[in-house]
Every structure is written in C-alpha cells, then in structure tokens.
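A.B. asks: Dropping a structure here in structure tokens format, bear with me for questions.
The values are calculated or read from the model by the stated rules, or taken from the named source; none is laboratory data. Keep in mind that what you see is a predicted model, and the values were worked out from it rather than measured. FYI the Cβ positions are ideal-geometry reconstructions off the backbone, even for glycines, and counts take in every protein chain you see.
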Amino acid sequence: MKRIAFFQSDLGVGGIQKSIVNLLRNLDTSKVQADLYLTEPGSEWEADLPESVRVIRMKPLPRVYSFLPFDFGKKRVESDPAFRAGFPQDAEYDLAVDFNSYQFSCAMGALSVPAKKRVMWIHNDVAIKLRNEWKYRVLWHFFRGKFKYYDGFVPVSEALIEPFRAMSGITDKPFTVIPNYIDVEEIRRKVNEPVPGFRLDPACFNVAALGRLCHQKGYDIMLDVFAEAHRQRSDLRLYIIGDGPDRRALEEQRDRLGLADAVTFLGSQPNPFAYMDRMDALLSTSRYEGQGMNIMEAMVLGLPVICPKHLEQYIEGLQGTEDLVGALVGAYKMEKCPDDLADYNGQILQRVLSLCGEK
C-alpha cells in the first residue's frame, strides 16, 4: 500500500479543485491510501470525497510569506514547531504532492511532511501566464526559489513542459505528464438531473461555454466572435456557465454588442453537465490552458467542440480552427458520440502509482 499526501489550498469552486476531487474519488484504494491536506479556509462545493480519503486541515500561514523570498520564508516556517505539529503522528508518505503549485502554504506542506519523494503539479502554460497576468509575475518572483526542492514535476499536458523549463531554469528534474482525471461516472449520473425553469429553443443552435469568468478563459474574445457570427446567423444562442471576477464587465460587453437576447449568463451551477448535455456544441476561446477540463467533459457528452487552433497543443486529438466565426456560422446539429475515456483515465491512475515507484 502506497501512501500519498496531497496539499491543496481549499475545495472551493475551480478547475484545480475539481481536478483533485476527481482524482481522489477514483484512486485504487487497494493500492493507495491518500491524505488530503487543506491549507486555507474556504467555501466547499459538493466534493463527496470517499471515506478512505483522510482530510487534514492545517493552520493557515500568514499571507506575508507569499511575498518573501521562498528560501527565507521556508527557514522561518521550519523553525516554528507549531507548523510541524499540524501533521498527524502517522504522517509518513511515499509521495508528497504540492497539487496547488501556487500557494506558499501548499509548497511548505509538501516540502516539510515526512516523505520519500516530493513533486509539484503544473496546471498552466507558465510562459503565457507570466506574460498575461501581472499578479502571477509578482508571485513567481517570490516563489520560484521553491522549484529546486522538488524531486520532480507533473504537468497536466506535454505542452507545459518546455515553457516551465524555460521560465524556471529547471532542466535536471524529471517530468511526468498526468492529465486531469475526468469523472465519467459522475457526468453520466448527473446529465439526467432536472434543471427547473431552463428551456432551450430547439429551433436555435445552442452553444455552451463553461469555466471561470476570468482573463485566461477569454470570454471577452468569445463575445466578440459570437457577435460577428450572430450577425450572420440569427438563430445562434450562447449559454455561459460559470462565474468569476469578470462577470459584470462581460455582461456589459454583451449588452453593448446587442446580444442581450442571444447570450445568457447562467452563473455557477452545481451540475453544469445537465445544461451542457442539452446543448449542440461547446465553445472555448481560452487564451491559454493547462489542459482544458471543460473540453474533456464535452467529449464525454459527445458534444462537438469549437475552439481556436492554439488549444490543440493541450489536448491530444483536439481539432481547432483559425476561423471561429465561420465555424459557428457553419455549425449544424449532429448526432452525439460520447467518449467513455476508459484508456485515458486508466493511464492517469497508473502514472500516479508510478510516481510512488509502483509498476
């Protein structure tokens, strides 16, 4: 039996949170015993973790540590006996995982808990993220000193390796690609749940978009693209599932573009799959990704995906287009071909075991 400690900030709504919950729900409990350390207080959605996963809440570290050179902060925390007292007495692991990869507290947990091996997950194309997000540049400046302490790194797609190497200077550590686990059974279970008050016009071509309403996901680009397509095809309808810091600005953009009757913001939904399954296609216009769980979830539902070419690098077999407007104008209803992702998910679980030395 291999023991793994996962360090994550919280289980609020978000892609990283959804990814770790999917993985923890589906680990082979005959081979793996997992502990989940949560380092920050926060709201939690319906995680429904199995009883085999022990959840350990650590005392939050002061926020100021995120804005200190990592080596300095690490020494200060390690000298505080109260920090190590947050680990249970039986804390001894084959693998410690900094799953969050952004938070100082998650890094300190993964680097301090007794473990034979320590790895950090990589969820995004850090080169593009550094160009696009000044807040991330500030955090990177302070936390980049942590990378040398890990034994290896786990990007969620092959395309993330070279950007990380280039930005971090880390070239002598192994990289193991482990994509996001997609909980197919959960999706299948939830698609038939009712969505009271929600109605689609079957005479329209109904398009879903799913994800956090933030700069990375490119919803501002999406609305401009959709407006141009809608001028050429009035039966197009767009339903945006999700919430985030850009929602108000995006709603104002929608209204300026004259799309109030064609674009609906559904907000964050505990069951997005019941909405998606009723749609005719998924639209994604992300500026960059780590992998793109929404696209994988659409594949499970057999939903056609319309996305730009640059997202192809993050998902094997994905076909994007240079002409999003033309793709929307020319789209038509088709029979859905769901994918059970059996081989995909099976390889993920095997790769997690391989990190612990299990063959």
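A.B. asks: Please specify each residue of the stretch 1-34 satisfying the condition of being without any contact (Cβ under 8 Å) to a residue 60 or more places away in the chain and over 17 Å from the mean Cα position of the chain (by Cα).
C.D. replies: Selection gives Met1, Thr29, Ser30, Gln33, Ala34.
A.B. asks: Any residue at all in the stretch 113-134 that's touching a Cys at 6+ places or on another chain (Cβ under 9 Å), charged (D, E, K, R) and surrounded by fewer than 16 Cβ atoms within 10 Å (Cβ to Cβ)?
C.D. replies: yes
A.B. asks: Given Leu328, Leu311, Leu303, which one is crowded, with 16+ Cβ neighbours inside 10 Å, without any contact (Cβ under 8 Å) to a residue 40 or more places away in the chain and of a type outside the set (Gly, Ala, Ser)?
C.D. replies: Leu311
A.B. asks: Something else now. Somewhere in the stretch 152-163, is a residue part of a loop (DSSP other than H, G, I, E, B) and either touching a residue at least 60 places away in the same chain (Cβ under 8 Å) or in contact with a strand residue (DSSP E or B) (Cβ under 9 Å, 6 or more places away or on another chain) (or both)?
C.D. replies: Within the stretch 152-163, one or more residues are part of a loop (DSSP other than H, G, I, E, B) and either touching a residue at least 60 places away in the same chain (Cβ under 8 Å) or in contact with a strand residue (DSSP E or B) (Cβ under 9 Å, 6 or more places away or on another chain) (or both).
A.B. asks: Determine which single condition Cys204 fails, assuming it passes every other condition in (1) touching a Lys or Arg at 6+ places or on another chain (Cβ under 8 Å); (2) at positive phi.
C.D. replies: If we test Cys204 against (1) touching a Lys or Arg at 6+ places or on another chain (Cβ under 8 Å); (2) at positive phi, just (2) comes out false.
A.B. asks: Something else about it: Determine whether the stretch 192-206 contains at least one residue that is within 22 Å of the chain's Cα centre (by Cα) and at pLDDT 95 or above.
C.D. replies: Within the stretch 192-206, the first condition is being within 22 Å of the chain's Cα centre (by Cα), and the residues that meet it are none.
No.
A.B. asks: Scan the stretch 68-105 residue by residue and report those that are among the hydrophobic types (A, V, I, L, M, F, W, C) and more than 14 Å from Arg144 (Cα to Cα).
C.D. replies: Listed by number, the residues that qualify are Val77, Ala82, Phe83, Ala85, Phe87, Ala91, Leu95, Ala96, Val97, Phe99.
A.B. asks: State all residues of the stretch 194-237 that are exposed (fewer than 13 other Cβ atoms within 10 Å of the Cβ) and assigned to a loop (DSSP other than H, G, I, E, B); if no residue qualifies, say none.
C.D. replies: Pro194, Pro196, Gly197, Arg199, Asp201, Pro202, Ala203, Ser234, Asp235
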